[in-house]
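Throughout, read-outs are computed from the coordinates displayed, never taken from laboratory work. Everything numeric in this text was worked out from a predicted model, so none of it was measured. Reconstructed Cβ throughout: ideal geometry from the backbone, glycine too, with neighbour counts over all protein chains shown.
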Amino acid sequence: MIRIETERLQLRPWSEDDFEELAAFYADEANSKYVGGVKDIDQAWRVLALHIGHWALKGFGYWAVDERSSDEFVGCVGLWKSAGWPELELGYWLMPKHQGKGFALEAARRCKAYALDELKADSLVSYIDPANEPSISLARKMGASHENTIELLEFGPHHVFRHF
């Protein structure tokens, strides 16, 4: 797994040490509403294994994000393309206390550049629940355009925001 940095953030590989923070995020309905919903302790463990496994299988995935100045866990950002997933996706979530600081935009911009420059991806989208206004706002700040709305597997209707 690759480490990359931005001005304020470190995007790094997931480890077992991240489990407590990840489990706390997924235990809260308000946090996890748009990223698969509440998970019990075993389901949260499976999410951690899923993130690590995606890297092992694809050579890219979601990074754990830390604030560089404090090494404090901020959230998750990265790229996803599992079997059956329509296109390469840029996704993100932050711990509540780190929202509103511009961290998601900073990390997502770096991931977009990584997809384009390092992966040489032909396309990049974000699939966003129509009710998820903060994510829609972030996609627009990044210059993504709303292309259409699809039924995203078992997750229901999602807007497709095209980055490139």
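Three principal axis extents of the stretch 72-115 based on alpha-carbon atoms, in descending order, are 34, 19, 16 Å. Classification of the stretch 1-73 by its C-alpha gyration tensor yields an oblate form. The axis ratio a/c (a ≥ b ≥ c) is 1.5 or more, and b/c is at least a/b.
Of all lysines in the structure, those lying under 24 Å Cα to Cα from Lys120, and not within fewer than 8 positions of it along the same chain, are Lys58, Lys81, Lys112, Lys141.
The sum of -39500 (n - 2.57) across all DSSP H runs of n ≥ 4, divided by the residue count of the chain, sets its helix-only mean residue ellipticity at 222 nm to -10000 deg cm²/dmol. With a cut-off of 15 Å between beta carbons, the residues surrounding Gln99 carry a summed charge of -1, where Lys and Arg count +1 and Asp and Glu -1.
In this Cβ point-charge picture (+1 for Lys and Arg, -1 for Asp and Glu), the chain has a dipole of about 580 debye about its Cα centre. Result for the chain in a Gaussian network model with C-alpha springs under 10 Å: among Asp17, Asp129, Asp28, the largest mean-square fluctuation is at Asp17. In summary, the helical segments of the chain meeting the span-like criteria, namely a full DSSP H run, a Cα extent along the axis of 15 angstrom or more and a mean Kyte-Doolittle hydropathy of at least -1.0, are 41-58, 103-117.
At the listed q of 0.14, 0.17 Å⁻¹, the Debye profile of the stretch 1-148, built from one uniform point per Cα, gives log10 I(q)/I(0) equal to -0.64, -1.00.
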